[in-house]
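The values are calculated or read from the model by the stated rules, or taken from the named source; none is laboratory data. The model shown is predicted, which means the values in this text are computed figures rather than measured ones. Here the Cβ positions follow ideal geometry from the backbone for every residue, glycine too, while neighbour counts run over all protein chains shown.
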Amino acid sequence: MILEHKNYNLFGKMIFEKTILKPPFQKSTSMPNEACFFYIIEGIGETISETEKIQLPSKEAVLMKCGNYITKMLPSKTSNTFQTIAVHFHPEILKKIYENDLPMFLKNPVTGAQTGMSKVKSTILITKYIESLLFYFENPELVNEDLLVLKLKEIILLLTQTDDSQAINLILSGLFSPTTYSFTQIIDAHIFSDLSLENLALLTKLSLSTFKREFKRIYKDSPANYIRNKRLEKAAELLVISTERITDIAYDTGFNDLAHFSKCFQEKYGASPSAFRLNQINKLLN
């Protein structure tokens with residue numbers, strides 16, 4: 001549930017955004033011609049792209065180039081609310097504010113980079129920058145066009161000077177050049193992630209019905225059946241080669257309900273996970 005949402009627009013586009021909400025909360029975002037700096041003030045986040053997944057504690061951020069994303073927002077041990085600041089980058093706005101002095105990543109864009117997002121560790125400069133944005137959100141009478149331009153340029157400068165500047169510069173140089181992934185690359189990257197079919201369809205840029213048809217065409221099976229079997233096969237492998245708890249194995253292979261995992265496992269292998277593990281160990285010993 002969203003508790004508070006404020007934003008500032010520049011030249012008709014939303015640039016700065018502050019959100020406070022009650023987690024858990026999930027948001028799907030399509031950014032075909034936009035990039036975003038997403039900073040978590042309170043809570044824990046998980047950002048998922050076509051082939052990557054980044055865990056974010058509070059006081060850290062992620063820089064995302066154009067693409068499709070799913071963000072999961074969770075409470076932390078110290079806070080029951082989730083608070084974030086987002087800065088949106090639009091190519092036409094950046095070209096307008098820099099005029100004839102374009103930064104290098106706009107002068108020489110890179111295409112084909114396989115990284116769509118990068119974690120940004122907090123520095124004292126970024127922390128102070130976020131604090132300044134919070135101040136302006138609480139004092140809107142002080143905000144004007146010149147200030148918004150200044151703050152947008154400031155975050156770009158700060159990002160190029162972080163300890164992760166090499167990875168950040170790679171993202172910045174391809175900020176508005178979408179990375180193309182095949183259908184199977186996206187499925188393989190998230191086969192063990194706790195994502196719904198709707199989420200997978202979003203990441204592949206397809207409607208749910210088209211996604212199901214394409215999945216059946218490629219894998220000769222329904223998405224639900226294929227993914228469930230792959231997860232159960234991985235779980236069976238982990239039960240034999242690792243000493244992980246069954247609960248952890250279930251979670252690691254994409255099952256968020258232990259009872260459901262045990263039921264599916266029993267149906268496929270004719271034994272509970274614990275009995276299966278014991279049987280396999282006995283076979284190895286004999």
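Observations
- Test: Arg231 is at pLDDT 95 or above and within 22 Å of Lys72 (Cα to Cα): yes
- Residue ranges of helices (runs of 4 or more DSSP H) in segment 115-203 with at least 3 members touching a helix residue (DSSP H, G or I) at 6+ places or on another chain (Cβ under 7 Å) and modelled with pLDDT under 90: 165-173
- Number of positions in segment 42-76 that are among the hydroxyl-bearing types (Ser, Thr, Tyr), over 13 Å from Leu200 (Cα atoms) and modelled with pLDDT under 90: 1
- When segment 236-264 is filtered for residues that are among the hydrophobic types (A, V, I, L, M, F, W, C), within 17 Å of Ile191 (Cβ to Cβ) and in a helix (DSSP H, G or I), the ones remaining, listed by number, are Ala236, Leu238, Ile249, Ala250, Phe261, Cys264.
- Qualifying residue in segment 84-91 (condition: modelled with pLDDT under 95 and in contact with a Gly (Cβ under 8 Å, 6 or more places away or on another chain)): no
- Single residue of Lys13, Lys53, Lys65 found to be in contact with a Leu (Cβ under 9 Å, 6 or more places away or on another chain), over 22 Å from Glu131 (Cβ atoms) and of a type in the set (Lys, Arg): Lys65
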